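One structure is given here, and the rest of the page talks about it.
Here, each number is a calculation from the coordinates, and none is a lab measurement. Every value quoted in this text rests on a predicted model; they were computed, and no experiment measured them. Every residue, glycine as well, gets a Cβ built from its backbone with ideal geometry; the counts of neighbours run over all protein chains shown.
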Amino acid sequence: MNMKRRVFLRGTFTASAIGVAVGAGLLTPQTVLAAWPKDAFRTKDMKEAMKIIDGTDAVESGHVTVHAPDIAENGAVVPVTISSDLKGAKTVSIFTPDNPYPLNSSYELMGAMPYVSTRIKLAKTMKVMGVVRSADGKLYSASKEVKVTIGGCGG
């Protein structure tokens, strides 16, 4: 019973020390979060966003797969999965060319499998494009058209 008390007290003191550090401004989110490409997410031109994120044009490839519904009844929450069989892939990005800002999301993999599953917002019927940067820096892409309907009644 005495050991549980010590573990509890040690955890309490650690949490308190972290709380004081955050309160004093020693641990701020800007210092612990990764940098993100603000300009790529703010541009309204897809080619410009792709250039900022990955540097070149993507080549359509069977190495990248986009899983998304053929018809989305609600454009606000469209499930999308991008996967690839490329070894050592560096990034996975999702582009929605007809949205006001075409770069929807971008992920640095750091050695992880090239597989991203998320929900995105689509303004209207459009192609969803998945772009994967391989270990050698080349870009591979795939796309799928998703029809956005209003209340499931056609769009």
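Things worth noting here:
- Restricting region 40-146 to trypsin sites (Lys or Arg not before Pro) in coil, as DSSP defines it, with at most 16 other Cβ within 10 Å: Lys44, Lys87, Lys121, Lys124, Lys138
- Neighbour-count order for Val78, Val20, Val92, fewest beta carbons within 10 angstrom listed first: Val20, Val78, Val92
- Ranked Tyr115, Tyr140, criterion: other C-beta atoms within 10 Å, fewest first: Tyr115, Tyr140
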